[in-house]
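Sending over a structure as structure tokens; questions will come in a sec.
Each value in this text was obtained by applying a stated rule to the coordinates, not by laboratory testing. Since the model is a prediction, treat every value here as computed from it, not as a measurement. FYI the Cβ positions are ideal-geometry reconstructions off the backbone, even for glycines, and counts take in every protein chain you see.
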Amino acid sequence: MDIESIDVEKEIGKVGRHICEHDKKKALLIPILHKIQEDYGYLPGEALERLSKKLGLPLAEIYSVASFYHQFHFSPRGKKIVRVCMGTACHVRGAGKVLEKLQEHFKIDVGETTEDLTMTLETVGCVGCCGLAPVVTVNEEVVGELTPKKLDVLVKEIEEE
């Protein structure tokens, strides 16, 4: 997204005429943050600085809003977002070992991304597939009933793409 191409006045006009200019600009912030992240895959600092100048909002306010929401990220993410379910059923059926193996193999911790941007590793409270425990999601694909052998296959698939 080219921050310079945003017509702030036009966008503000869409929001409505009954709120103050500052609130109108704040109302644009989240949709614009979504567009930036869609284009870059994360929110680069330089883009946020340009946005701050373009909207006339303090950079600290932009960071405050963006950091409040978990869907916004400030560093590049992997092509594959691997989430290990840590819900009760998955935990009891070995999710901790699955997580350890992924951390050891890819040499990253939870919340980190491999240097080559192959994957980002995260944990979630529950995927909602307890009958398939332990469960991992790779992007939006659910991979359940993970055994050591099935996990080896999954690791190879993550590396190949």
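Longer than 31 Å from Cα to Cα, which of LYS80/LYS149; LYS79/LYS149; LYS53/LYS80; LYS107/LYS150 are they? Say none if no pair is.
Beyond 31 Å: LYS53/LYS80.
If you don't mind, there's one more thing I want to ask. Please report, in debye to the nearest 20, how large the charge dipole of region 81-161 is about its Cα centre when each Lys and Arg carries +1 at its beta carbon and each Asp and Glu carries -1 there.
500
If each DSSP helix of 4+ residues adds -39,500 (n - 2.57) and the sum is divided by the residues in the chain, what number results at 222 nm, nearest 500 deg cm²/dmol?
-15000 deg cm²/dmol
Here is a further query. Which of the peptides 49-60, 68-79 is most tightly packed, and how do the rest follow, judged by the mean count of other Cβ atoms within 10 Å per residue?
In descending order of packing, they fall as 49-60, 68-79.
Based on the mean of other beta carbon atoms within 10 Å per residue, what is the order of 33-44, 137-148, most packed first?
Per-residue mean Cβ counts within 10 Å order the peptides as 33-44, 137-148.
Right, here's the next one. Of the listed peptides 126-135, 111-120, what is their order by residue-averaged count of other C-beta atoms within 10 Å, with the highest listed first?
Highest to lowest by the protection proxy: 126-135, 111-120.
If you don't mind, there's one more thing I want to ask. Report the local net charge at VAL143: Lys and Arg +1, Asp and Glu -1, summed over other residues whose C-beta lies under 12 Å from its C-beta.
Summing Lys and Arg as +1 and Asp and Glu as -1 gives -1.
Additional query: Please identify the helices of the chain, taking whole runs of DSSP H, that span at least 27 Å along their own axis as judged from the Cα atoms and have a mean Kyte-Doolittle score of -0.5 or higher.
none
Next question, about the same structure. Have a look at the DSSP beta bridges in the chain and tell me what percent are antiparallel, nearest 5.
Of those bridges, close to 55 percent are antiparallel.
Now, a different point. Let me check against my output: what whole-number percent is the relative contact order of region 24-150, with C-alpha pairs under 8 Å and at least 6 apart?
Reported as a whole number, the value is 23 percent.
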